[in-house]
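*Asks:* Quick one: structure below, then a few questions.
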Amino acid sequence: LIHALRAEGVYAENICYLPGSGSRTMGMVLSTEKKGGFAADEVAALISVLLKYNLETSVTSPYIIDNEKRDFLFVEAVRLQALLGISRVVKENETVSGDNFAILHSEVGKKTILLSDGTGSGGQACGESSRVLDLMEKMLGAGFTLEAAVGMVNRAMFAKGEEPGHPTLDICDIDLYSGTCCIYKI
């Protein structure tokens with residue numbers, strides 16, 4: 001890789017393979033003396049040809065390789081895509097739905113769809129379901145596993161000591177590398 005990239009005018013060092021769940025990731029420090037820089041996507045394409053699997057530039061990496069040494073991540077491109085759509089209906093005589101949803105995308109080729117149904121309908125139900133989704137998004141964003149986040153959100157909702165009706169949570173966790181899907185109903 002170092003020699004092939006150098007032939008294109010890109011200097012690479014500290015190349016490392018980062019095993020992941022279902023995907024291959026490579027990290028490296030890159031720079032170039034080429035005037036105007038070098039597009040990171042072009043390097044991803046070159047590495048893909050050399051390694052015989054499709055890599056793309058991570059969303060966390062710079063777009064351009066220039067004369068300053070910078071860290072780059074190249075992640076294996078997902079093999080599958082998920083097309084998602086939504087439809088919302090408000091209960092008769094209500095102005096707000098008690099149902100809310102969130103679609104989360106992650107670097108590791110997963111899409112997680114969350115659907116929360118507040119108890120009843122209207123503003124209070126909407127607030128309950130929004131609160132559940134907000135907590136789940138924060139927990140998952142902080143790096144907790146799906147199972148751990150569900151457990152903590154569930155305990156938080158019951159700890160409030162509210163009446164027995166609590167919002168429900170449906171989760172569909174899709175792996176775009178393997179095509180597997182886990183469905184949770186809480």
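The values are calculated or read from the model by the stated rules, or taken from the named source; none is laboratory data. Values in this document were obtained by computation on a predicted structure and should not be read as measured data. All Cβ positions, glycine included, derive from the backbone under ideal geometry; neighbour counts span all protein chains shown. For the accessible areas, the whole protein counts, side chains as well, though only heavy atoms, and no ligand, DNA or RNA atoms are used. Shrake-Rupley method; radii C 1.70, N 1.55, O 1.52, S 1.80 Å.
*Asks:* Just to be sure I understand, how many residues within region 22-45 are open to solvent by 50 Å² or more (accessible area, probe 1.4 Å) and within 18 Å of GLU76 (Cβ to Cβ)?
*Replies:* Number of matching residues: 5.
*Asks:* Looking at the structure I just gave you, is LYS69 over 30 Å from LYS185 (Cα atoms), in contact with a strand residue (DSSP E or B) (Cβ under 6 Å, 6 or more places away or on another chain), in contact (Cβ under 8 Å) with a residue 24 or more places away in the chain and open to solvent by 60 Å² or more (accessible area, probe 1.4 Å)?
*Replies:* yes
*Asks:* Then there's this: Give the residue that is farthest from the chain's Cα centre (by Cα), with candidates limited to residues of region 31-68 that are farther than 16 Å from GLU8 by Cα and among the charged types (D, E, K, R). Spell out how you get there, then give the answer.
*Replies:* To start, the set of residues in region 31-68 that are farther than 16 Å from GLU8 by Cα comprises 51-63, 68.
Narrowing further to those that are among the charged types (D, E, K, R): 52, 56, 68.
Working: LYS52: 25, GLU56: 15, GLU68: 29 Å.
Ranking the candidates gives GLU68 first.
*Asks:* Go through (1) open to solvent by 30 Å² or more (accessible area, probe 1.4 Å); (2) touching a Leu at 6+ places or on another chain (Cβ under 9 Å) and name the single condition VAL96 misses.
*Replies:* Result: VAL96 fails condition (2) only.
*Asks:* If you scan region 1-55, which residues turn out to be assigned to a helix (DSSP H, G or I) and under 17 Å from ASP71 (Cβ atoms)?
*Replies:* Within region 1-55, ILE2, LEU5, ALA40, ASP41, VAL43, ALA44, ILE47 qualify.
*Asks:* A further question follows. Would you say GLU128 is farther than 30 Å from THR180 by Cβ and crowded, with 16+ Cβ neighbours inside 10 Å?
*Replies:* Yes: the conditions hold for GLU128.
*Asks:* Now a separate question. Find the residue count for region 73-104, including only residues that are touching a helix residue (DSSP H, G or I) at 6+ places or on another chain (Cβ under 7 Å) and not small (Gly, Ala, Ser).
*Replies:* Residues meeting the conditions: 5.
*Asks:* Being open to solvent by less than 70 Å² (accessible area, probe 1.4 Å) and free of Cβ contacts under 8 Å to residues at least 24 places away in the same chain narrows it down to one residue among PRO19, PRO62; which is it?
*Replies:* After applying the criteria, what remains is PRO62.
*Asks:* Among the numbered conditions (1) of a type in the set (A, V, I, L, M, F, W, C); (2) part of a helix (DSSP H, G or I); (3) open to solvent by less than 50 Å² (accessible area, probe 1.4 Å), tell me where PHE158 comes up short.
*Replies:* Here PHE158 meets the rest and fails (3).
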